[in-house]
Amino acid sequence: MKQQGIITLEQFIVDQQALYKDATGAFSRIFRAIELASKLVNRDVRKAGLADILGDFGSTNVQGEDQKKLDVIANDIFIQTLSRCGEVCAIISEEMDEAVFVEGAEHAPYIVSIDPLDGSSNIDVNASIGSIFSVYRRSDTSRKPDVADCLQAGKHQAAAGYVIYGSSTMLVYTTGSGVNGFTLDDGIQEFCLSHPDMRIPEDGKIFSVNEGNFQAFPEGVQQYVNWCKEKDAETKRPYGARYIGSLIADIHRNLIKGGIYLYPPTAKDPNGKLRLMYECNTMAFIVEQAGGVASTGHERVMEVLPQELHQRVPLFIGSRNMVSQAVEMYQSALRSEAHPG
Ligand code: P6P
């Protein structure tokens, strides 16, 4: 039997590139940049408590959220490594109001959308956080890029991935041919293939939602959450409630164990909280490639045509059967409200 041995991310990318006869290596150069950025951010995350880089940086991002120093550092790292790789013409980031158009790369074929450090409110309490990235192709490289090039529906993603800085550091990504997970071996500073061909169970027993907002949830979402908590031996309910408050950590767990993550709309925030371009689309591509479902409650997340860079959408994502049931209960209640009696 052929000894697989260690397959590094580097080797995996080379092997994948060999499968596409017209590959130019541009895509691989982007992934090397992302891998380098991930290692640099991992280094800073792991020493956050020691190097006095915790706490607010004093500035706020476009979302009006306090920027932790690590947010800013992670953003700078990703911007620098992606800009230097020569294959990226534009970068969208949660930490920047406007898109960055990379000087000298006006004709480069790719656009990258990032959340450099998601879940940053967990930094000071040492809970898992992560980096999120999506890669899009640009159709017309003959001219300078503009915002319209960046506003593509998630179904046009060339790649999507995340890095989770947890009890171990993992990079999980898809290019549309399944999902693979790589664990960072600190001793050799290599991401090594540890979770080949990841699949999310069709069903699960975990629901992830911030129940602090329960009273503001739509009727159908309240009904689904209450259903998850009812006692029923046949369907092994009540389900387990797990909510870390870090999108990557919650979805990564559900990807492995099965489960549903919900960030529903409320009257105050009718589009929920999560951003389409660098949270929802990225996780939707990964979860769908692993056999799951990602919906806004009204449509497939990856069908939404973005109108602006930091657009928010509600998110129902995870195991196929769980998301289907949650969306049906949400929709059914909306129909009843629209046509009472
Ligand atoms: P709430 C972190 O700020 C984040 O964008 C996601 O990582 C996380 O799942 C969500 O917001 C938590 O939001 O409102 O429940 O604290």
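Annotations
- Flag for Tyr239 being more than 9 Å from the ligand (Cβ to nearest atom) and among the aromatic types (Phe, Trp, Tyr): yes
- Residues being part of a loop (DSSP other than H, G, I, E, B), over 24 Å from Ile114 (Cβ atoms) and not hydrophobic (A, V, I, L, M, F, W, C) - total across the stretch 254-284: 7
- Top-ranked residue in the stretch 278-329 [being in contact with a Pro (Cβ under 6 Å, 6 or more places away or on another chain) and either closer than 14 Å to His156 by Cα or not polar (S, T, N, Q) (or both); ranked as nearest to the ligand (Cβ to nearest atom)]: Pro314
- Residues (in contact with a strand residue (DSSP E or B) (Cβ under 7 Å, 6 or more places away or on another chain) and among the hydrophobic types (A, V, I, L, M, F, W, C)) located in the stretch 303-321: Leu309, Leu315, Phe316, Ile317
Listed here are the residues, each with its yes/no results for (1) in the same structural domain as Val287 (by TED's automatic domain parsing); (2) under 15 Å from the mean Cα position of the chain (by Cα).
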| position | (1), (2) |
| --- | --- |
| Met170 | no, yes |
| Thr174 | no, yes |
| Gly181 | no, yes |
| Gln189 | no, no |
| Tyr224 | yes, no |
| Trp227 | yes, no |
| His252 | yes, yes |
| Leu262 | yes, yes |
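- Residue among Leu309, Leu305 that alone is assigned to a loop (DSSP other than H, G, I, E, B), buried (at least 21 other Cβ atoms within 10 Å of the Cβ), in the same structural domain as Ile251 (by TED's automatic domain parsing) and at negative phi: Leu309
- Subset of the stretch 110-164 that is of a type in the set (Phe, Trp, Tyr) and open to solvent by less than 20 Å² (accessible area, probe 1.4 Å) - its residue that is farthest from the chain's Cα centre (by Cα): Tyr136
The values are calculated or read from the model by the stated rules, or taken from the named source; none is laboratory data. Worth saying up front: this structure is predicted, and the values here are computed from it rather than measured. Here Cβ is always computed from backbone atoms with ideal geometry, including for glycine, and neighbour counts include all displayed protein chains. These accessible areas exclude ligands, DNA and RNA; they are computed on the full protein's heavy atoms, side chains included. Shrake-Rupley method; radii C 1.70, N 1.55, O 1.52, S 1.80 Å.
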